[in-house]
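A.B. asks: One structure is given below, represented as structure tokens, and several questions about it will come after.
Coordinate-derived values only; no laboratory data. These numbers come from a predicted model, not from an experiment. As a convention, Cβ positions derive from the backbone with ideal geometry for all residues, glycine included, and neighbour counts pool all protein chains shown.
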């Protein structure tokens, strides 16, 4: 593990972001931008804050252990966007911002007089990233949209799990993080476009479309061949061998569906004859005999420990691996060598271990400079030093609940 580097060397260190909204989709996009060096000012409701401050399975001294990650590298200010005073303060911040990021239900920003038509007049270079369940247009736009619904509508939930059971789900909020990642990608593209046009634009990222974008040839296969993908458990139909296999002390995953790799697996298993057997010699043949082939491989793996299987596969150039949980990640030498996990100061426990910035940049590396801030921790810095509020004005707004 490595100690967090405080210096901001990220490629977006000259970019200023105003993050609005709550929970995961918008804030995860803000996390990515902050990881890459952007100054992210997170706006939270006075006295309430983002519900992410309370989320997560494990807490320390009553504090969420999810918040320090999703809000890392951010500055927290409190501001009531529902009052005219709060709305005017936001407009003051927009004047010097590059990006405003929101994930409210479509129409909310317009209701507050903070739509892009208004904000872009203040700052024509402003990029407004909008993350929502169904997007900003269309008949479903104003519906409430959570990640679970977006994953279902985008096609992911139906194909997850086993065919004899109801659809399953991943153990993480994939819909939210996919929509956030696409929003971040869109922001990067919009920043590049602004370099030549001088104008900002709206980046519209819908959860269901972010999921749908990852669904490979699902629609095309149906359109051309009438094929509907179904749940298939731990395998992909006709792609073999690629599965989870038992060992004497657990299980491993092996992927050897390419012809040359399968030949190497046969050598590793000391079953070289399988590589030329008509039932297994080609990709299509292995697909037709997938279950039988998986059983043959399982007969081999279950006589060995997981470590023995991985060692033999490694020696023969066959992709294989353990199914990692947090303990394995924390003890793995490759994670350590790649600095995939960093330690970040956190008062209650001294340091928190969390995932590092990804991807890596050779010249302008991103960094985790601090964990999620206290509610309103940066009020004085932003309001007094940045916007020039006097003590009197600051205290008046504070007492009125505007900040």
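A.B. asks: Any idea what angle helix 391-400 forms with the longest principal axis of the chain, computed on alpha-carbon atoms, 0 to 90 degrees, nearest 10?
C.D. replies: Between the helix axis and the principal axis of the chain, the angle is about 70 degrees.
A.B. asks: Also: Extension gain residue 105-residue 236, at 0.36 nm per residue separation less the Cα-Cα distance, in nm?
C.D. replies: Numbers: separation 131, 0.36 × 131 = 47.16 nm, distance 3.61 nm.
Here the segment from residue 105 to residue 236 would lengthen by 43.5 nm.
A.B. asks: Among 20, 185, 33, which comes first, then next, by fewest other beta-carbon atoms within 10 Å?
C.D. replies: Starting with the residue having the fewest Cβ neighbours, the order is 185, 20, 33.
A.B. asks: With everything on Cα atoms, drop me the angle between helix 290-301 and the longest principal axis of the chain, reported from 0 to 90° to the nearest 10.
C.D. replies: 80 degrees
A.B. asks: Multiply the residue gap between residue 390 and residue 308 by 0.36 nm, knock off their C-alpha separation, and tell me the result in nm, one decimal place.
C.D. replies: Details: separation 82, 0.36 × 82 = 29.52 nm, distance 6.87 nm.
Result: 22.7 nm gained on full extension.
A.B. asks: At a Förster radius of 45 Å, what calculated FRET efficiency corresponds to the Cβ-Cβ distance of residue 228 and residue 399, to the nearest 0.05?
C.D. replies: On the way: r = 60 Å, r/R0 = 1.34.
It comes to 0.15.
A.B. asks: For a quick check: sort 297, 228, 244, 207 by the number of other beta carbons within 10 angstrom, fewest at the front. Don't jump to the answer; show the numbers that get you there.
C.D. replies: On the way: 297 21, 228 10, 244 15, 207 32.
So the ranking, lowest neighbour count to highest, is 228, 244, 297, 207.
A.B. asks: What nm distance separates the two modelled labels at residue 338 and residue 258, each placed 7 Å from Cα along Cα→Cβ?
C.D. replies: Here the answer is 1.8 nm between the modelled labels.
A.B. asks: So if R0 is 51 Å, what FRET efficiency would residue 60 and residue 284 give, r being the distance between their Cβ atoms, rounded to the nearest 0.05? If you can, show how the numbers build up before the last one.
C.D. replies: On the way: r = 54 Å, r/R0 = 1.05.
Efficiency computed from Cβ-Cβ geometry: 0.45.
A.B. asks: Given R₀ = 22 Å, what would the calculated FRET efficiency be for residue 122 paired with residue 82, taking r from the Cβ atoms and rounding to 0.05? Don't skip to the end; give the middle numbers.
C.D. replies: On the way: r = 19 Å, r/R0 = 0.88.
The formula returns an efficiency of 0.70 here.
A.B. asks: Can you give the relative contact order of the chain as a percent, counting alpha carbon pairs under 8 Å and 6+ residues apart? Show your work: numbers first, answer last.
C.D. replies: Working: 746 pairs, mean separation 86.8, N = 403.
Computed value for the chain: 22 percent relative contact order.
A.B. asks: While we're on this one: Kindly provide the helix-only [θ] at 222 nm of the chain, computed as the sum of -39,500 (n - 2.57) over DSSP H runs of four or more divided by all residues, to the nearest 500 deg cm²/dmol? Show your work: numbers first, answer last.
C.D. replies: Numbers: 16 runs with 141 residues, N = 403.
Computed ellipticity for the chain at 222 nm equals -10000 deg cm²/dmol.
A.B. asks: Tell me the label-point distance for the pair residue 162, residue 144, using the 7 Å Cα-to-Cβ offset, in nm and rounded to one decimal.
C.D. replies: So the label points at residue 162 and residue 144 sit 3.3 nm apart.
A.B. asks: At each listed q (0.12, 0.17, 0.21 Å⁻¹), what is the log10 of I(q)/I(0) that the Debye formula gives for the range 115-258 modelled as equal alpha-carbon point scatterers?
C.D. replies: Debye intensities relative to I(0), on a log10 scale: -0.67, -1.03, -1.27.
A.B. asks: Per-residue counts of other Cβ atoms within 10 Å, averaged by peptide: what ranking do you get for 367-379, 188-200, highest first? Present the calculation step by step, with values, prior to reporting the outcome.
C.D. replies: Working: 367-379: 19.4, 188-200: 13.7.
Sorting 367-379, 188-200 by mean packing, highest first, produces 367-379, 188-200.
A.B. asks: Then there is this: Comparing 69, 77, 172, which has the greatest mean-square fluctuation in the GNM of the chain with Cα pairs linked when under 10 Å apart?
C.D. replies: 172
A.B. asks: Please determine, in degrees from 0 to 90 and to the nearest 10, the orientation of helix 84-94 with respect to the longest principal axis defined by the Cα atoms of the chain, where the helix direction is its Cα long axis.
C.D. replies: 60 degrees
A.B. asks: Report the paramagnetic label zone for residue 197: residues of the range 114-128 whose backbone N is under 20 Å from a point 7 Å from Cα along the Cα-to-Cβ axis.
C.D. replies: Residues 115-128 qualify, since their backbone N sits under 20 Å from the label point.
A.B. asks: Measuring from the lowest to the highest alpha carbon on each principal axis, how far does the range 242-323 reach, largest first, in angstroms?
C.D. replies: Result, largest extent first: 33, 23, 19 Å.
A.B. asks: Among 242, 217, what is the fewest-to-most ranking by other Cβ atoms within 10 Å? The partial results should precede the final answer.
C.D. replies: On the way: 242 18, 217 11.
Ascending number of Cβ neighbours within 10 Å: 217, 242.
A.B. asks: So how long is each side of the chain along the principal axes, counting just the alpha-carbon atoms, biggest first, in Å?
C.D. replies: Principal extents (Cα only, largest first): 84, 51, 42 Å.
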